[in-house]
Amino acid sequence: MLYSVRSERLLMEEIDYSMLYRWFVGMNLDEPVWDVTVFTKNRNRLLEGDVAREFLSEVVQQAQTKGLTSDEHFTVDGTLIEAWASLKSFQRKDQKNPPPDDPGNPSVDFHGEKRSNETHESTTDADARLARKGNGKEAKLSYNGNLLTENRNGLIVNTEIFQANGTAERDAALVMLEQLMGTQRVTLGGDKGYDTRDFVAECRNLNVTPHVAQNVNRSGGSAIDGRTTRHTGYEVSQRKRKRIEECFGWLKTIALMRKVRHRGLAKVGWVFTFAAAAYNLVRMRKLTASSVGAA
């Protein structure tokens, strides 16, 4: 993820001729590299032990020890992550397909067919859901990746991967808020998608002040009124919440999370959490270097 290596097989090739990678993993120059299947087996063991979640927790704890994080002000947001499955694999659940004309790349004519997640599913990745970013955008098989960041330096404190549906971002936000440690009241910034009465009410039940952007065009008006927006902290949260886009930008471009190369909700969540920990490490290095230079 740190060096944008797109696969485990390519990583083995990089280690084979790169002295930097050999030094990092403790291999001599003439020592043979591992077979790629070794990494595959290790990945399965790491997945079963939930090592990604523990790794992210340890990284966040290091940042807290160095005073780089806020324990009062947070931001939440979600994004679509394209699944490793094509639209050809999105077929009717109750349909028995005839043998394909080309098993490697069969011809599928789905034009004019009404397809939805209720009637269709991917034969390649059953956990992926058909979703689109907005009106006028093409629909793709995707997952919903969610981040919870703190507002002091924009470090990621928690992640959740949900199936892409209409409520995934708000549901994931509540799950991550429930996992926050401490009993003091905190604030939560977010975009207009979180401005619903149910979400705002649930945040307040969790001792969280919702600093989400007002959606005045929604039916019934915004769930956020002047009792919240009149405070200076609300304006600060609205400025700070834009930092979370930097996290998504790094994850999708550098860590190659724009189109995930794993299948299944568990594996996609595993690699997404590891990528978040990697982002924190890069961000913490820069923050520590800047503080040393200022001193």
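The values are calculated or read from the model by the stated rules, or taken from the named source; none is laboratory data. Note that the structure is a prediction, hence the values are computed from the model and not measured. In this analysis, Cβ positions are derived from the backbone assuming ideal geometry, glycine residues included, and neighbour counts consider all displayed protein chains. Protein only, heavy atoms only, side chains kept; ligands, DNA and RNA dropped before computing areas. Shrake-Rupley method; radii C 1.70, N 1.55, O 1.52, S 1.80 Å.
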Please go through the range 141-151 and give me each residue that is in a strand (DSSP E or B) and over 23 Å from Lys267 (Cβ atoms), ordered by number. Thr149, Glu150
Conditions first: (1) touching an Asp or Glu at 6+ places or on another chain (Cβ under 8 Å); (2) surrounded by fewer than 17 Cβ atoms within 10 Å (Cβ to Cβ); (3) of a type outside the set (Gly, Ala, Ser); (4) within 20 Å of Asp171 (Cα to Cα). Asn207 passes all but one, so which condition is the exception? (1)
For residues that are crowded, with 21+ Cβ neighbours inside 10 Å and hydroxyl-bearing (Ser, Thr, Tyr), scanning just the range 181-204, find the one that is farthest from Gly78 (Cα to Cα). Thr187
Just a yes or no: is a residue in the range 58-69 within 30 Å of Lys242 (Cβ to Cβ) and charged (D, E, K, R)? yes
Please go through the range 2-42 and give me each residue that is at positive phi and in contact (Cβ under 8 Å) with a residue 24 or more places away in the chain, ordered by number. Ser4
Pair list, Cβ under 6 Å, 6 or more apart: the range 240-260 residue surrounded by 16 or more Cβ atoms within 10 Å (Cβ to Cβ), other residue part of a helix (DSSP H, G or I) and among the small types (Gly, Ala, Ser): Leu251/Ala275; Ala255/Ala275; Met257/Ala275
Hey, can you tell me all the residues within the range 48-85 that are in contact (Cβ under 8 Å) with a residue 24 or more places away in the chain and of a type in the set (Val, Ile, Thr)? Val59, Val60, Thr69, Thr75, Val76, Thr79, Ile81
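Results for (1) buried (at least 21 other Cβ atoms within 10 Å of the Cβ); (2) under 30 Å from Leu130 (Cβ atoms), shown as yes or no for each residue.
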{"residue": "Arg53", "(1), (2)": "no, yes"}
{"residue": "Gln62", "(1), (2)": "no, no"}
{"residue": "Lys66", "(1), (2)": "no, no"}
{"residue": "Thr69", "(1), (2)": "yes, no"}
{"residue": "Phe74", "(1), (2)": "yes, no"}
Among residues belonging to the range 112-140 that are part of a loop (DSSP other than H, G, I, E, B) and basic (Lys, Arg), point out the one that is least open to solvent (accessible area, probe 1.4 Å). Arg115
The correct count of residues that are under 14 Å from Cys247 (Cβ atoms) and open to solvent by 20 Å² or more (accessible area, probe 1.4 Å) in the range 153-162 is 3
Going residue by residue through the range 239-259, is there one that turns out to be among the aromatic types (Phe, Trp, Tyr), over 12 Å from the mean Cα position of the chain (by Cα) and either farther than 16 Å from Trp84 by Cα or modelled with pLDDT under 95 (or both)? no
Would you check which residues across the range 142-152 are surrounded by fewer than 24 Cβ atoms within 10 Å (Cβ to Cβ) and either hydrophobic (A, V, I, L, M, F, W, C) or without any contact (Cβ under 8 Å) to a residue 40 or more places away in the chain (or both) and list them? Leu148
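Looking only at residues that are open to solvent by 30 Å² or more (accessible area, probe 1.4 Å), touching a residue at least 40 places away in the same chain (Cβ under 8 Å) and not polar (S, T, N, Q) in the range 163-180, which one is farthest from Gly145 (Cα to Cα)?
Among residues in the range 163-180 that are open to solvent by 30 Å² or more (accessible area, probe 1.4 Å), touching a residue at least 40 places away in the same chain (Cβ under 8 Å) and not polar (S, T, N, Q), the one farthest from Gly145 (Cα to Cα) is Leu180.
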Thr228 vs (1) under 20 Å from Asn151 (Cα atoms); (2) open to solvent by 20 Å² or more (accessible area, probe 1.4 Å); (3) at pLDDT below 95: all pass except (2)
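Here's the yes/no breakdown for (1) hydroxyl-bearing (Ser, Thr, Tyr); (2) under 23 Å from Leu155 (Cα atoms):
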{"position": "Thr167", "(1), (2)": "yes, no"}
{"position": "Val175", "(1), (2)": "no, yes"}
{"position": "Glu178", "(1), (2)": "no, yes"}
{"position": "Gly190", "(1), (2)": "no, yes"}
{"position": "Val212", "(1), (2)": "no, yes"}
{"position": "Asn217", "(1), (2)": "no, no"}
{"position": "Ile224", "(1), (2)": "no, no"}
Can you pull out every residue in the range 7-50 that is open to solvent by less than 50 Å² (accessible area, probe 1.4 Å), over 26 Å from Lys259 (Cβ atoms) and assigned to a helix (DSSP H, G or I)? Arg22
